[in-house]
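Colleague: The structure under discussion is supplied below as structure tokens; questions concerning it will follow.
The values are calculated or read from the model by the stated rules, or taken from the named source; none is laboratory data. This is a predicted model, so every value here is computed, not measured. Quick reminder, even Gly has a Cβ in these numbers, built from the backbone with ideal geometry, and neighbours come from all protein chains shown. Accessible surface is based on the protein model in full, side chains and every heavy atom, while ligands, DNA and RNA are left aside. Shrake-Rupley method; radii C 1.70, N 1.55, O 1.52, S 1.80 Å.
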2 protein chains.
Amino acid sequence: MNRPVTNAPQPRFRQIVDSIRNDIVTGVLPEHAALPSERVVADQYDVSRMTARRALEAIEAQGLAYSEDRRGRFVSPKRVRYDISNRVSFAADARAAGTDLEITVVRTRAIRAGGSLAADLDVPVGEKLHEYTRLFCINGHPTLIETEYAVAHRCPDLMDHDLRQSTTQLLEQHYGISARTGDVIIRMRAIQPDEAALLGLPPHQAGIELEQIIRDDEGRPFCFGRQIWRGELAEFSARAIVNR
Amino acid sequence: MNRPVTNAPQPRFRQIVDSIRNDIVTGVLPEHAALPSERVVADQYDVSRMTARRALEAIEAQGLAYSEDRRGRFVSPKRVRYDISNRVSFAADARAAGTDLEITVVRTRAIRAGGSLAADLDVPVGEKLHEYTRLFCINGHPTLIETEYAVAHRCPDLMDHDLRQSTTQLLEQHYGISARTGDVIIRMRAIQPDEAALLGLPPHQAGIELEQIIRDDEGRPFCFGRQIWRGELAEFSARAIVNR
DNA sequence: ATTCGCAACTGGTATATACCAGTATTGACT
DNA sequence: AGTCAATACTGGTATATACCAGTTGCGAAT
């Protein structure tokens, strides 16, 4: 192939991405500062609005910024770290680290265990469960949504308590169930529209899903939780110990 | 031509996303099957090519499909699972699980430890390190890129060995260094253009970064590794044990 | 039978335009 | 001072078009 790619300039929109990213990493644009709007970028860089838009969307996809519908795009804050090896509860982990955490209860229901939930919690199908969904805001910004399923007969009136705190601590204090171990799975997946609405995001972005089965001192599971995180706002630390 | 100005229940492109997603989850489109092209979608659903494109990009962003430049888009295969609590080496984990894994050495270098690497590996700044970058293909598909930094004086001629295998096993067999524990960090981040090229992806997509510090029986770190995974192809399991 | 070049694809980049639906500010009126 | 409507923003959706640059397969020339 004699194609001399000498003049392989980067696409315009990528040049714009690099320029704005530079403003972010150097601190010209601090956390939560507004990025220039699509129309302003189009004007400044002399491109069409669609091209400016693609640049801003790429910055968003990289986690450098987040958008609020029809308000603008803003620089993402620093990540919070969640140590999944030592704690089984993010609320406890965050409080211990002095993080500004606010919990909102989105929904509570009484349900019965279906197939996979029953298997995960090691209970018969049809077993009564408490289901509750909560939104976690860090420094005032929606960061994750958690839905937990607790085996009802082990904590009968759990729903009468204030759920705006660590539920593992609740279970420990009122029912004597202590979270001892957890099986965690982490994966990247798309944020669903209903979740996106709660997190203040456009739908179809990727986020991090974290599932965990929480077990007591006897290794019996008593709670299953599923969290969806804004991927750009978090990181997860763990410790591996090689079995031999 | 006539615009359905009525109550658009959902954007057109999202309807298309749902339709194609349905074909994927029901198996009408099996793993690695080609999705309809942008122009075909535009034709079938009677939308412009840009709208069709947005639908296909959304499917891609959700991890349901991957694209190969100027070849087409294809249905993503099932995720592989990596147990980060029990193994400190993905290669060993995958081989133990019978996964079809092929490793390609992308680059090897001798470097000297800079500030953060020196701190992570607990060696003086300027310490000699082996750096090697490898591409991991699972079932023939590029899935992750790993760059590792090994303390050179503990494995002098490491680079003379065949690196297309688990390096932790190499280090164990030839130097008696056994990987005992690992400190792992997982986060979502953008895949850089050079990484994207190796993974056969368009740049600026989000992926999963996994960093780990590997320690020997005495707890001394001897290797630092950084992996970037195609987010839709993997999930990570771990075990938490609450310290009290 | 092999080679080679030409379609006929594929996605990637980019423009120009239009309208919709929320948000935020401004300013006149109460 | 407080209310509220107009206005000037913001991003979201969508069309139509153009050209570029790789990939792939087919058919003609060797």
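Colleague: Given the criteria within 8 Å of another protein chain (Cβ to nearest Cβ), open to solvent by 10 Å² or more (accessible area, probe 1.4 Å) and among the small types (Gly, Ala, Ser), does residue B:206 qualify?
Modeller: Details: within 8 Å of another protein chain (Cβ to nearest Cβ): yes; open to solvent by 10 Å² or more (accessible area, probe 1.4 Å): yes; among the small types (Gly, Ala, Ser): yes.
Yes: the conditions hold for residue B:206.
Colleague: Against the conditions (1) among the small types (Gly, Ala, Ser); (2) within 16 Å of DNA strand D (Cβ to nearest atom); (3) more than 14 Å from every other protein chain (Cβ to nearest Cβ), where does residue B:48 fall short? Just the number, please.
Modeller: Going through the list (1) among the small types (Gly, Ala, Ser); (2) within 16 Å of DNA strand D (Cβ to nearest atom); (3) more than 14 Å from every other protein chain (Cβ to nearest Cβ), residue B:48 breaks only (3).
Colleague: If you take just the helices (runs of 4 or more DSSP H) that sit entirely in the stretch A:5-98, which of them hold at least 2 residues that are open to solvent by less than 80 Å² (accessible area, probe 1.4 Å) and within 16 Å of DNA strand C (Cβ to nearest atom)?
Modeller: Details: elements: A:12-25, A:38-44, A:49-61, A:90-96.
Here the list reads A:12-25, A:38-44, A:49-61.
Colleague: Looking at (1) under 27 Å from residue A:188 (Cβ atoms); (2) within 14 Å of DNA strand D (Cβ to nearest atom); (3) charged (D, E, K, R), find the lone condition where residue A:93 falls short.
Modeller: (2)
Colleague: In the stretch A:162-190, which residues are within 9 Å of another protein chain (Cβ to nearest Cβ) and either among the small types (Gly, Ala, Ser) or surrounded by 19 or more Cβ atoms within 10 Å (Cβ to Cβ) (or both)? Give the steps one after another, and end with the answer.
Modeller: Initial filter on the stretch A:162-190 (within 9 Å of another protein chain (Cβ to nearest Cβ)): A:168, A:178-190.
Those that are within 9 Å of another protein chain (Cβ to nearest Cβ) and either among the small types (Gly, Ala, Ser) or surrounded by 19 or more Cβ atoms within 10 Å (Cβ to Cβ) (or both): A:168, A:178, A:179, A:182, A:184, A:186, A:187, A:188, A:190.
Colleague: Something else about it: So, residue B:33, is that one closer than 23 Å to residue B:237 by Cβ and either without any contact (Cβ under 8 Å) to a residue 60 or more places away in the chain or within 12 Å of chain A (Cβ to nearest Cβ) (or both) or not?
Modeller: Working: closer than 23 Å to residue B:237 by Cβ: no; either without any contact (Cβ under 8 Å) to a residue 60 or more places away in the chain or within 12 Å of chain A (Cβ to nearest Cβ) (or both): yes.
Against the criterion (closer than 23 Å to residue B:237 by Cβ and either without any contact (Cβ under 8 Å) to a residue 60 or more places away in the chain or within 12 Å of chain A (Cβ to nearest Cβ) (or both)), residue B:33 does not qualify.
Colleague: Here are the criteria: (1) surrounded by fewer than 19 Cβ atoms within 10 Å (Cβ to Cβ); (2) within 30 Å of residue B:208 (Cα to Cα). Tell me which single one residue A:144 does not satisfy.
Modeller: (1) is the only condition that residue A:144 fails.
Colleague: To continue, here is another question. Among B:194, B:162, which is acidic (Asp, Glu) and within 30 Å of residue A:76 (Cα to Cα)?
Modeller: Values: B:162 fails: within 30 Å of residue A:76 (Cα to Cα).
Going through B:194, B:162 in turn, the sole match is B:194.
Colleague: Moving to a separate point now. Those residues that are buried (at least 17 other Cβ atoms within 10 Å of the Cβ) and either among the β-branched types (Val, Ile, Thr) or within 19 Å of residue B:97 (Cβ to Cβ) (or both), I need them from the stretch B:120-133; list them, please.
Modeller: Selection gives B:123, B:133.
Colleague: Can you find a residue in the stretch B:96-107 that is within 14 Å of chain A (Cβ to nearest Cβ) and at pLDDT below 90?
Modeller: The first filter runs over the stretch B:96-107 and keeps only residues within 14 Å of chain A (Cβ to nearest Cβ), leaving B:96.
Keeping just the survivors that are at pLDDT below 90 gives B:96.
Yes, that holds for at least one residue.
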